[in-house]
Amino acid sequence: MSANAMVLENVQSSDRTWLETLHEWLTTVDHKRLGILYILSALWFLSLGGAEALIIRIQLIHAHNNFVSPQVFNRMFTMHGTTMIFFMVMPILFGFANYLVPLMIGARDMAFPRLNAFSFWLSFLGGLLLYFSFLGGSGLYGAGNAPDVGWWAYAPLGGRAFSPGHSSDYWTLALLVSGFGSIGTAINIIATIVSMRCPGMKLSRMPLMVWLYLVMSGMVLIAITPLSAAQIMLLIDRYLGGHFFDTQAGGSAVLWMHFFWIFGHPEVYVLVIPAFGFVSEIISVFSRKPIFGYPVMVAATVAIGLVSTSVWAHHMFTIGMNSYANSFFAITTMAVGVPTGIKIFNWIGTMWGGKIQFKLPMLFCIGFLFQFLIAGLTGILQAAAPFDWQLSLSYFVVAHFHYVIVGGIMFALFGAFYYWYPKTSGRMLSEKLGRWHFWLFLIGFHLTFDLMHIPGLLGMPRRIYTYEPGRGWDTLNLLVTIGAFIQAVAILIFVWNLIISYWKGEKAGNDPWDAWTLEWSTSSPPPSYNFATVPVVASRRPLWDLKHPEDPDSRYE
Amino acid sequence: MFLQFVSAMAVWASEPEGSSSNGTNIFDPASTPAKSIADLSVFVLVITGIIFVVVFALLVYSVVKFRGRAIEASREPAQVYGSTQIELAWTIIPILIVVVLFLATARVIHAIEDVPEPAGAVDVIAIGHQYWWEFRYPQLGVVTANELHIPVSDPARPTPTFLNLLSADTDHSFWVPQLAGKTDLIPNHPNRMWLDPHRTGIFLGQCAQYCGVEHAKMLLRVSVDTPEEFASWVQSQQQPAVDDEKVAAGKHVFETTACINCHAVKGTVASGRFGPDLTHLMSRSTIASGAASNTAKNLRLWIENPDAVKPGSLMPAMKLSDFDLDALVAYMETLR
């Protein structure tokens, strides 16, 4: 298997003009190229969303600051949230899925290559629509551009009476269009995993990450559809005289909240479950042990997926639900802690008795473990509904979900970049730059998001463009802002590393980490057909079996 | 997480003691709902803190203990695939913890939400507007804005205040951290909350649900008065506006411009409800929902150019001559 791959090097002719190359990339249906396009577009939106975050942080550096007007500030946090969730984290996770899932299950492409390209370009178009609002958001009106209704656009603020002009229409269209893209990709991932596995790869032999992507894609179908429905209803309200959310005509603001959070909470797990996947693969390889309790890990993921569809109203503890509803959503939310806890313990179990190698991917995953632990526990605090009556809508919540998304998902993503970059490019990322990136980002992250919890406990609400002095918030906000800039520097180092290592990086070879899943059996970068001959597997770790014929995994499964 | 908690406590402790204005620290409650939340919070924090310490220690131990050494790098460690007993243990223990946390939580939810309104309670209708608060006391015939006055509640003879929360436009949220958790004000969706402050003083808070451009300057002041102070405040608020001949010019400006479309002054033609009731404007210490202190200079600036005080507020610039402005401010200053 690996011998075949080595013989067949990737054929790349270099005598093409740049126009031909561009045309090739724009019209490609190859899952690897689409994966890279997803990731590049996500990095582009990361830089936009990051710039918006820095503007927010400069404005909040001290009380009564006048760096930007309230109107601009409100646009910045709306665009930051929308960009990061819908055009950064979701696409980048789909990018990794696109690139890796077919390789990991020994397939030559996704099940529907054209749908794949269509979905990517829809998602990307969504992002362009969102940012076009900066230019076209005013329409024929004089005031305002870019949506400023917050990333959840609560009714009736998102309605016509309070958001005239077209800026929030671009928000609606962006989410609707990219939502169709997400649904397309999710269907594609499910179909690929169900029908394209290589001979011998039973469901129970898939790499754990593939399982997690299967669950994630199922949840995308559950989560995105109500969001799309709500966006269509909002458009009907705004342009066809509907009254779903128009409270002045008897519509319901609470209905919008339910629609949004029925999407919004499963979405959190849509984002975090692939991160679990990266961490599971990386911790296993760098501890030199198979994942501890594979069947339980799968079961825990499915459990998280199921339970997380019944927790959405914990975002709505303050809207005046009765005590039974509050109690119900408190217990379902706490219950998610059980399968999540199982995962953390199983990762510890994987490291236990191993020989941990502190390479860059592993460093980021260890950061993930510590930070995800804290993020999970602050989540439990907020599951206690009365405690949430204080914490909700405050900076504590902002700190909490950034702990999940940055401290958890982003750290796992960085780990994934350092782990799979050699496979996509054939080059290693620079270890030296990577360590600078890791430590700077770690320090900046903790400075920003550890401290950000405290203003929340001291009564600072989120989404305020300025605040009163003398409430104990000033110094904390200053430090939070400094931390944000340290993170920005770390990200620049990371991006520089991605660029420079593409030309200057050490040659990686097929299998630089001595890993065990199928993607490492082919060349780096893989040829367009992935595998010269379709692999046949007998266990969860086909390359372990190959490297250790005296003690194959297949004996124990 | 403990660090965060400890430093929050430290910030609280460093605040000057005995100051008349209270902070906004959720761990310094002054009312039963806030107190039971703070107690539950400490309980949940201790349990999650213990979990944190245990798992953190396990993580540190396994990372340090099982770090790979270069010498033995060539040999793979023993391949372990899992253990049903251990995995069962770390499933069942968390389930038990969740049950305990849930019971504690459900108790507090019930204790705060399902309290019937006692006979001696004060009723207030709180209406959220972009970007200010309207407070109406239906039993007492009092209407005011932005600064809520409520009586202190003696635990022996409780006089809690029950707020009926409404919204005139978008969603808002009433949050005074030391008195209670927050509750949203949502159009077409009346909510209820209650406060029974145990000590007097000024308690600060602000709108917590993003409601539009000036969400940040929708501040709240709750003045907790002794029963006597409260009675005398109510008595003065029930009076019609002072009618002072000396400021007739300013009153004329007020009553012949657009002011009266939005503002009410009891006993005059002004009966607008879009903006705050100004009958007893000078009894309040701030204007523009806490955006500025209530001085003649700020009032003048606010009327002349609201955007200078609160950019994006719905109060229009009135474009008055300096003469009219001075007269108007002089009139405002008589509205005690």
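Worth pointing out:
- Residues that are farther than 27 Å from B:CYS207 by Cα, outside any loop (DSSP other than H, G, I, E, B), of a type in the set (D, E, K, R) and free of Cβ contacts under 8 Å to residues at least 12 places away in the same chain are absent from segment B:326-333 altogether.
- The residues on offer are A:GLY426, A:GLY379, and the sole one that is surrounded by fewer than 24 Cβ atoms within 10 Å (Cβ to Cβ) and touching a His at 6+ places or on another chain (Cβ under 7 Å) is A:GLY379.
- Only one entry in A:GLY407, A:GLY483, A:GLY472, A:GLY415 is at pLDDT below 95 and either crowded, with 19+ Cβ neighbours inside 10 Å or more than 10 Å from every other protein chain (Cβ to nearest Cβ) (or both), namely A:GLY472.
- Subset tally (residues that are away from every other protein chain (no Cβ under 13 Å), out of contact with any Gly (no Cβ under 7 Å at 6 or more places or on another chain) and among the hydrophobic types (A, V, I, L, M, F, W, C)) for segment A:238-278: 10
- Matching entry among A:PHE134, A:PHE124 (being more than 30 Å from A:PRO199 (Cα to Cα), out of contact with any His (no Cβ under 6 Å at 6 or more places or on another chain), surrounded by fewer than 17 Cβ atoms within 10 Å (Cβ to Cβ) and aromatic (Phe, Trp, Tyr)): A:PHE134
- Of the numbered criteria (1) at positive phi; (2) within 30 Å of the chain's Cα centre (by Cα), the one B:ALA126 fails is (1).
- Of all the listed residues (A:PRO455, A:PRO542, A:PRO461, A:PRO525), the sole one being surrounded by 19 or more Cβ atoms within 10 Å (Cβ to Cβ) and closer than 29 Å to A:PRO113 by Cα is A:PRO542.
- Hey, B:ILE50 under 44 Å from the mean Cα position of the chain (by Cα), more than 7 Å from chain A (Cβ to nearest Cβ), closer than 18 Å to A:TRP352 by Cβ and of a type outside the set (Lys, Arg) or not: no
- Residues of segment B:166-175 that turn out to be surrounded by fewer than 24 Cβ atoms within 10 Å (Cβ to Cβ) and either free of Cβ contacts under 8 Å to residues at least 12 places away in the same chain or part of a loop (DSSP other than H, G, I, E, B) (or both), as a count: 2
- All positions within segment B:176-218 that are touching a Cys at 6+ places or on another chain (Cβ under 8 Å) and either assigned to a strand (DSSP E or B) or more than 7 Å from chain A (Cβ to nearest Cβ) (or both): B:MET218
- Every pair of residues 6+ apart whose Cβ atoms lie under 8 Å, when the first sits in segment A:317-328 and is facing chain B (nearest Cβ under 7 Å) and at positive phi while the second is among the hydroxyl-bearing types (Ser, Thr, Tyr) and not in a helix (DSSP H, G or I): A:GLY320/B:THR183
- Candidates A:ILE499, A:ILE464 - the one that is part of a helix (DSSP H, G or I), modelled with pLDDT of 95 or more and of a type in the set (A, V, I, L, M): A:ILE499
- Some residue of segment A:463-484 being of a type in the set (D, E, K, R), within 23 Å of the chain's Cα centre (by Cα) and under 30 Å from B:PHE203 (Cα atoms): yes
- Screening the candidates A:GLY379, A:GLY349, A:GLY354, A:GLY341 for the property of being part of a helix (DSSP H, G or I), over 28 Å from B:PHE174 (Cα atoms) and in contact (Cβ under 8 Å) with a residue 40 or more places away in the chain yields one hit, A:GLY349.
- Condition check for B:ALA258: surrounded by fewer than 18 Cβ atoms within 10 Å (Cβ to Cβ), within 26 Å of B:LYS217 (Cα to Cα) and in contact (Cβ under 8 Å) with a residue 60 or more places away in the chain: yes
- Residue in segment A:504-521 that is touching a Pro at 6+ places or on another chain (Cβ under 6 Å), in a loop (DSSP other than H, G, I, E, B), in contact (Cβ under 8 Å) with a residue 60 or more places away in the chain and closer than 19 Å to A:ASN98 by Cα present: yes
- Summed over segment B:129-165, residues that are outside any loop (DSSP other than H, G, I, E, B) and either more than 15 Å from the chain's Cα centre (by Cα) or not aliphatic (A, V, I, L, M) (or both) total 18.
- The listed residue being in contact (Cβ under 8 Å) with a residue 24 or more places away in the chain and assigned to a helix (DSSP H, G or I), out of A:ALA186, A:ALA155: A:ALA186
- Flag for B:ALA57 being closer than 14 Å to A:ILE348 by Cβ, part of a helix (DSSP H, G or I), at pLDDT below 95 and more than 8 Å from chain A (Cβ to nearest Cβ): no
- Those residues of segment A:382-414 which are farther than 20 Å from A:MET316 by Cβ and either of a type in the set (S, T, N, Q) or touching a Cys at 6+ places or on another chain (Cβ under 7 Å) (or both), in sequence order: A:ALA412
- Checklist (1) over 28 Å from A:ARG463 (Cα atoms); (2) more than 9 Å from chain B (Cβ to nearest Cβ); (3) modelled with pLDDT under 95 applied to A:GLY354, failing item: (2)
- Of all residues in segment A:238-248 being touching a helix residue (DSSP H, G or I) at 6+ places or on another chain (Cβ under 9 Å) and assigned to a helix (DSSP H, G or I), the one that is farthest from B:HIS189 (Cα to Cα): A:TYR239
The values are calculated or read from the model by the stated rules, or taken from the named source; none is laboratory data. This is a predicted model, so every value here is computed, not measured. Here Cβ is always computed from backbone atoms with ideal geometry, including for glycine, and neighbour counts include all displayed protein chains.
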